[in-house]
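*Asks:* Take this structure first; my questions come after.
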Amino acid sequence: MNRIPWNKYETAILIEASLQVIENKKKKREVISSASKALRQMAINQGFQIDDLYRNTNGISMQMTIMISVIEDKESPLHSSPKIFNEVANLYKNDKSSFDKILQEAKAISSLPILDESDKITIGGNDMKENEETTDNQLNHTSNTKQHDSDIEKMKNDFANWMQNQGSAQGTIQMYVSAIRQASRYAIEYEICSENLFLIMDSNVLQQIFNELSYVSEFRELNIQQHNRFSAAIAKLINYRSDSSIDSGIHAHKSKNSLSVDRYKNIDFTQYQGILKSKFPRGFRLNDSLDIKKFRRYWNELYNEENNLSNEIIWDYISHITIAHGKISYLPEMMIDEKTKTKLFSYIDKTFASGKKAIYYEALYQMFRYDLDNGRINNSEMLKTYLEYINKGKYFLQKAYIAVDSSAKVDPTEEVRSFLKSHELPMLTEDIINVLPHLDKYKITNALSGNNSYEFVRNQKGEYFHADIIEFTDIEISKIEQLISESISQNEYISGKELTSLVDRCLPEIHERYTFLTELGLRDTIAYKLRGKFSFKSKIISKYGEDLNMDKVFSNFGKNHAPFTMEQLIALKDELGTSIYFESLYHHAMRINQNEFVSRKYADFDISATDDAIEQFCTGNFISIQDVTLFGGFPSCGYAWNNYLLEYYVMYFSRKFKLLHTNFNMNSSVGSIVKKNVGIETFDDVIIRALAQSNIALNTDDALNYLCESGFLARRSYGTIDNIVSQAKAYRALKGE
């Protein structure tokens, strides 16, 4: 068969499987097998003809190896990853909600029944296959008229077109239509209603049908097995019916058995409400044996009679008068008092009247959180649940926000951009949040400081402006480019601090125009405006498209800045966001004490006499640098002798000795001075002998303590210490020490 490229749904399933392997949740073989079956079934459900090789376990094993590398940001041992792998993995890392949506749709698609040519739904004039075990005529046995069938077909296609306008994928639409038809069969079979669900116009009735279907064990188990595709499909149909802008032009068919909310018309819920309000102020757990026992006991105590209705009916009645969030149901008035409710909806109405298209639930919750303390709503998800219940179709409720209509789209970044561009001064983050209260504050902070936020310039901690409010003349831009280019030509880079100092000196009129600009603000504004001409990484600017060579940077620093101090070197390290490359620095610079460095050209050692002085201390094959404590016998070299200068001398000038150590250190001079040509070639060789020749007990803790106290190591840490100790034991036994 022709190769079928990976799509985002397959990739989402592969990522989930890879995570199970990474986190050791299941055996890799089982995960690969399950993923292979799911992906093969997905292809079949989508109408592809597949062979035995398609997404088989061998192929999935290879693709999983690649995907694990992508997730862990490592280089793949196989070929490079497909573009779709990187795109969906990036969603998983940076936009989990979007990834979860794709994964949910993928699971639903992979559990669809196999398609045939029997039925179609039409979306935007294009036909899509859609099939179930029973036909519409069988489902709607109460009417066999052509008009009836035509009505079902029209409602089905209208729903599909609405979903497409909402941005749903064709596979998702197909799956939802199929799920609704199958749910209709269950509802009719169990005499919950007598009509195809597509013909029921009232969203409240649809919700009640689903509630009753949830008590049917066969349907409930099937829904769970198929990753809640039935509940997701009916919820989407309810949203469609709640959209007040939709006019189907069809009157729903009614029959004597059709479900209606009137079934509760003659039921007095006063006693139910009384018990829930007084005895279950923190909510009631539906389908919970303990809470239903308490409910029956309270009923008997308060009303001096038994409630003889079944548990299922009591749960149904309680469900009808409460709002369910998670496993707990609440009376609406217990969630929010009337005063807060009025205040909340007044704010929503005024916000939409002002022209805003949407309000994030999190923003609403943060604005009213102190008012909500009087009720039971303690997070934005609970607030969303309450709004879904109380809204009654007035507004359109999306996953993260409530919108004025179904077509409203929210772009927090664009709203932040538009506001800051209209403001001529930097603003505190908290003030931006206050000005845009309808947006989730985390969306605002992510727009300001998340990935791809370069246009929003941080002037100082918690203060931002948009780069476009700063305008440079062509002459100023040209001069800034010249300053950067000249420094890069000489030193490979220029630091942000150096650049802003040069700009202040050469172009003082910029700060005269924009007096609020800090060093950080100016640097990041330049970074945004010249982002396509130079590379701005951390606080360092370098040639565009080239990685900064740290060896060269430190080598050039040692060459061009001597003499300098350790404080200056640390400042450079911090600007680069790296460690100090001492060996590169030492190409041109020499350390003369703990804090000072001079040009290497000033080195003036009497090598023969200095080696003789070292030999007075090194009577064996090696010593620790810190074993040299007296420098009276060392010849003059222009600088006062100390362990740092000795370390440098042995490394670069001695003829009789060499330096073996882990690395150069900022705050200490440690390691070993070793005679050349005695067969000791590595630092491991040194410390094995040092430990073996010592009087300590050879175990990890004592070994690390000894090596630090003796001046071989700076810290009580060494990657291969256990192996070193084992070899030291063998060496000691061999030498009889």
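*Asks:* Mind telling me which of the residues 694, 710, 624 ends up being of a type outside the set (Val, Ile, Thr), in contact with a strand residue (DSSP E or B) (Cβ under 8 Å, 6 or more places away or on another chain), touching a residue at least 12 places away in the same chain (Cβ under 8 Å) and over 26 Å from residue 585 (Cβ atoms)?
*Replies:* Details: 694 fails: in contact with a strand residue (DSSP E or B) (Cβ under 8 Å, 6 or more places away or on another chain); 624 fails: over 26 Å from residue 585 (Cβ atoms).
Result: 710 is the single residue among 694, 710, 624 that is of a type outside the set (Val, Ile, Thr), in contact with a strand residue (DSSP E or B) (Cβ under 8 Å, 6 or more places away or on another chain), touching a residue at least 12 places away in the same chain (Cβ under 8 Å) and over 26 Å from residue 585 (Cβ atoms).
*Asks:* A further question on this structure: I'd like the full set of residues that are surrounded by 15 or more Cβ atoms within 10 Å (Cβ to Cβ) and under 19 Å from residue 375 (Cβ atoms), limited to the range 309-331.
*Replies:* 318, 321, 322, 323, 324, 325, 328, 329, 330, 331
*Asks:* Of all residues in the range 485-502, how many are touching a Lys or Arg at 6+ places or on another chain (Cβ under 8 Å) and modelled with pLDDT of 90 or more?
*Replies:* The number of residues fulfilling the criteria is 2.
*Asks:* Tell me which of these residue 420 doesn't satisfy, since it passes every other one: (1) farther than 28 Å from residue 561 by Cα; (2) more than 34 Å from the chain's Cα centre (by Cα); (3) surrounded by 16 or more Cβ atoms within 10 Å (Cβ to Cβ); (4) hydrophobic (A, V, I, L, M, F, W, C).
*Replies:* It fails just one condition, (2).
*Asks:* Only one of (1) within 38 Å of the chain's Cα centre (by Cα); (2) in contact (Cβ under 8 Å) with a residue 40 or more places away in the chain; (3) buried (at least 18 other Cβ atoms within 10 Å of the Cβ) fails for residue 586. Which number is that?
*Replies:* With (1) within 38 Å of the chain's Cα centre (by Cα); (2) in contact (Cβ under 8 Å) with a residue 40 or more places away in the chain; (3) buried (at least 18 other Cβ atoms within 10 Å of the Cβ) applied to residue 586, the lone miss is (1).
*Asks:* Name the residues in the range 368-394 that are in a loop (DSSP other than H, G, I, E, B) and closer than 16 Å to residue 342 by Cα, would you?
*Replies:* Residues of the range 368-394 that are in a loop (DSSP other than H, G, I, E, B), as a first pass: 373-379, 391-394.
Selection gives 373, 374, 375, 377, 391, 392, 394.
*Asks:* Among the residues in the range 234-254, are any at pLDDT 55 or above, in contact with a Gly (Cβ under 8 Å, 6 or more places away or on another chain) and not in a helix (DSSP H, G or I)?
*Replies:* yes
Listed here are the residues, each with its yes/no results for (1) assigned by TED's automatic domain parsing to the domain that holds residue 292; (2) in a helix (DSSP H, G or I).
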{"site": "313", "(1), (2)": "yes, yes"}
{"site": "316", "(1), (2)": "yes, yes"}
{"site": "320", "(1), (2)": "yes, yes"}
{"site": "341", "(1), (2)": "no, yes"}
{"site": "348", "(1), (2)": "no, yes"}
{"site": "359", "(1), (2)": "no, no"}
{"site": "362", "(1), (2)": "no, yes"}
{"site": "366", "(1), (2)": "no, yes"}
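*Asks:* Answer yes if at least one residue in the range 206-213 is surrounded by fewer than 16 Cβ atoms within 10 Å (Cβ to Cβ) and at pLDDT 75 or above, and no otherwise. Walk me through how you get there before you give the answer.
*Replies:* Within the range 206-213, the first condition is being surrounded by fewer than 16 Cβ atoms within 10 Å (Cβ to Cβ), and the residues that meet it are none.
No, that holds for no residue.
*Asks:* So residue 354 passes all but one of these: (1) touching a Gly at 6+ places or on another chain (Cβ under 9 Å); (2) among the hydroxyl-bearing types (Ser, Thr, Tyr); (3) not assigned by TED's automatic domain parsing to the domain that holds residue 281. Which condition number does it fail?
*Replies:* Residue 354 satisfies every listed condition except (1).
*Asks:* For the range 640-655, enumerate the residues that are under 20 Å from residue 677 (Cα atoms) and surrounded by fewer than 18 Cβ atoms within 10 Å (Cβ to Cβ).
*Replies:* 652, 653, 655
*Asks:* Here's a follow-up. Name the one entry in 410, 435 that is among the β-branched types (Val, Ile, Thr), at pLDDT below 90 and surrounded by fewer than 19 Cβ atoms within 10 Å (Cβ to Cβ). Even if it seems obvious, please write down each step before you answer.
*Replies:* Details: 410 fails: surrounded by fewer than 19 Cβ atoms within 10 Å (Cβ to Cβ).
Exactly one of 410, 435 is among the β-branched types (Val, Ile, Thr), at pLDDT below 90 and surrounded by fewer than 19 Cβ atoms within 10 Å (Cβ to Cβ), namely 435.
*Asks:* Does residue 44 fit the bill of being at pLDDT 90 or above, part of a helix (DSSP H, G or I) and either under 23 Å from residue 105 (Cβ atoms) or charged (D, E, K, R) (or both)? Please lay out each step first, then the result.
*Replies:* Numbers: at pLDDT 90 or above: no; part of a helix (DSSP H, G or I): yes; either under 23 Å from residue 105 (Cβ atoms) or charged (D, E, K, R) (or both): yes.
Here the answer is no, as residue 44 does not meet what is asked.
*Asks:* Collect the residues in the range 351-387 that are crowded, with 17+ Cβ neighbours inside 10 Å and among the charged types (D, E, K, R), keeping them in residue-number order.
*Replies:* 356, 357, 362, 376, 384
*Asks:* Enumerate the helices (runs of 4 or more DSSP H) found wholly within the range 113-196, keeping only those where 2 or more residues are modelled with pLDDT of 75 or more and within 23 Å of residue 406 (Cα to Cα). Before the answer, list the steps.
*Replies:* Working: elements: 136-139, 146-165, 170-189.
It comes to 146-165, 170-189.
*Asks:* I've got another one for you. Among the residues of the range 608-627, count how many are surrounded by 14 or more Cβ atoms within 10 Å (Cβ to Cβ), more than 59 Å from the chain's Cα centre (by Cα) and among the charged types (D, E, K, R).
*Replies:* Result for the range 608-627: 1.
*Asks:* Is there a residue being closer than 23 Å to residue 105 by Cα, out of contact with any strand residue (DSSP E or B) (no Cβ under 8 Å at 6 or more places or on another chain) and of a type in the set (A, V, I, L, M, F, W, C) anywhere in the range 184-194?
*Replies:* To start, the set of residues in the range 184-194 that are closer than 23 Å to residue 105 by Cα comprises 184-186.
Those left that are additionally out of contact with any strand residue (DSSP E or B) (no Cβ under 8 Å at 6 or more places or on another chain): 184-186.
Filter again for of a type in the set (A, V, I, L, M, F, W, C), leaving none.
There is no residue in the range 184-194 that is closer than 23 Å to residue 105 by Cα, out of contact with any strand residue (DSSP E or B) (no Cβ under 8 Å at 6 or more places or on another chain) and of a type in the set (A, V, I, L, M, F, W, C).
*Asks:* Okay, next question. Please work out if residue 678 is more than 20 Å from residue 603 (Cα to Cα) and touching a helix residue (DSSP H, G or I) at 6+ places or on another chain (Cβ under 7 Å).
*Replies:* Details: more than 20 Å from residue 603 (Cα to Cα): yes; touching a helix residue (DSSP H, G or I) at 6+ places or on another chain (Cβ under 7 Å): no.
Here the answer is no, as residue 678 does not meet what is asked.
*Asks:* Do we have any residue at all in the range 93-105 that's at pLDDT 85 or above, in a loop (DSSP other than H, G, I, E, B) and within 20 Å of residue 14 (Cβ to Cβ)? Working first, answer last.
*Replies:* Residues of the range 93-105 at pLDDT 85 or above: 93-103.
This time we only want the ones that are in a loop (DSSP other than H, G, I, E, B), so: 95.
In the following step, the residues that additionally are within 20 Å of residue 14 (Cβ to Cβ) were identified as 95.
There is at least one residue in the range 93-105 that is at pLDDT 85 or above, in a loop (DSSP other than H, G, I, E, B) and within 20 Å of residue 14 (Cβ to Cβ).
*Asks:* Going by the conditions given, is residue 293 in contact with a strand residue (DSSP E or B) (Cβ under 8 Å, 6 or more places away or on another chain), exposed (fewer than 15 other Cβ atoms within 10 Å of the Cβ) and not assigned by TED's automatic domain parsing to the domain that holds residue 379? Give the derivation first.
*Replies:* Values: in contact with a strand residue (DSSP E or B) (Cβ under 8 Å, 6 or more places away or on another chain): no; exposed (fewer than 15 other Cβ atoms within 10 Å of the Cβ): yes; not assigned by TED's automatic domain parsing to the domain that holds residue 379: yes.
Criteria not met by residue 293.
*Asks:* Confirm whether residue 579 is at pLDDT 85 or above, among the hydroxyl-bearing types (Ser, Thr, Tyr) and surrounded by 15 or more Cβ atoms within 10 Å (Cβ to Cβ). Steps first, answer last, please.
*Replies:* Details: at pLDDT 85 or above: yes; among the hydroxyl-bearing types (Ser, Thr, Tyr): yes; surrounded by 15 or more Cβ atoms within 10 Å (Cβ to Cβ): no.
Answer is no for this residue.
Here is a yes/no grid of residues against (1) in a helix (DSSP H, G or I); (2) hydroxyl-bearing (Ser, Thr, Tyr); (3) under 20 Å from residue 475 (Cβ atoms):
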| residue | (1), (2), (3) |
| --- | --- |
| 497 | yes, no, no |
| 500 | yes, yes, yes |
| 509 | yes, no, yes |
| 512 | yes, no, yes |
| 520 | yes, no, no |
| 525 | yes, yes, yes |
| 545 | no, no, no |
| 551 | yes, no, no |
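*Asks:* Follow-up. In this structure, is residue 417 outside any loop (DSSP other than H, G, I, E, B), modelled with pLDDT of 85 or more and farther than 30 Å from residue 506 by Cα? Reasoning before the result, please.
*Replies:* Working: outside any loop (DSSP other than H, G, I, E, B): yes; modelled with pLDDT of 85 or more: yes; farther than 30 Å from residue 506 by Cα: yes.
Taking the combined requirement at face value, the residue satisfies it.
The values are calculated or read from the model by the stated rules, or taken from the named source; none is laboratory data. Predicted model, so just to flag it, every value in this text is computed and none were measured. Backbone-built Cβ (ideal geometry, glycine too); neighbour counts: all protein chains shown.
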